[in-house]
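Encoded as structure tokens, the structure appears first; notes follow it.
The values are calculated or read from the model by the stated rules, or taken from the named source; none is laboratory data. The model shown is predicted, which means the values in this text are computed figures rather than measured ones. Here Cβ is always computed from backbone atoms with ideal geometry, including for glycine, and neighbour counts include all displayed protein chains. Surface areas here come from the heavy atoms of the whole protein model, side chains and all, with no ligands, DNA or RNA. Shrake-Rupley method; radii C 1.70, N 1.55, O 1.52, S 1.80 Å.
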Amino acid sequence: MSLTDLLSPSDIAAALRDCQAPDSFSPKKFFQISGMSKKSSSQLKEIFRILDNDQSGFIEEDELKYFLQRFECGARVLTTSETKTFLAAADHDGDGKIGAEGIDCFKYR
């Protein structure tokens, strides 16, 4: 399964266009534009599984900085500031990684 099985390619493209400039990435806005904020918990778990590049059950800071590239190969890498802000918003237990138990934070409702 790929992200385009769960999200519209045109919505993904629009979300990536919105954050092309360094330090312009907003997780909330990205999830809204890409359609992730409207997905069910089970769909979000599948998206999480796809984004968890090493299949460890967590998305660590090193994986998170390449978040946009999981949606499109040529997308930019998140800046250090963007990565840390994103991680802080989604890491509910402070262990420095995002676990599947916090997947609903991807809804950013």
Total residues in region 49-67, condition more than 12 Å from LYS97 (Cβ to Cβ), open to solvent by 30 Å² or more (accessible area, probe 1.4 Å) and in a helix (DSSP H, G or I): 1
query: Of all the residues that make up region 34-45, how many are more than 12 Å from the chain's Cα centre (by Cα) and either within 16 Å of GLU72 (Cα to Cα) or outside any loop (DSSP other than H, G, I, E, B) (or both)?
result: 4
query: Filter region 1-27 for residues that are under 15 Å from LEU78 (Cα atoms) and either polar (S, T, N, Q) or open to solvent by 30 Å² or more (accessible area, probe 1.4 Å) (or both); which is modelled with the lowest pLDDT?
result: SER26
field: Single residue of region 68-90 satisfying the filter (surrounded by 13 or more Cβ atoms within 10 Å (Cβ to Cβ) and either among the small types (Gly, Ala, Ser) or closer than 17 Å to LYS45 by Cβ (or both)) that is modelled with the highest pLDDT
entry: ALA75
field: Exclusive hit being among the hydroxyl-bearing types (Ser, Thr, Tyr) and in contact with a strand residue (DSSP E or B) (Cβ under 9 Å, 6 or more places away or on another chain), set SER81, SER41, SER56, SER37
entry: SER56
task: Check region 1-18 and report whether any residue there is of a type in the set (A, V, I, L, M, F, W, C) and within 26 Å of ASP95 (Cα to Cα).
output: no
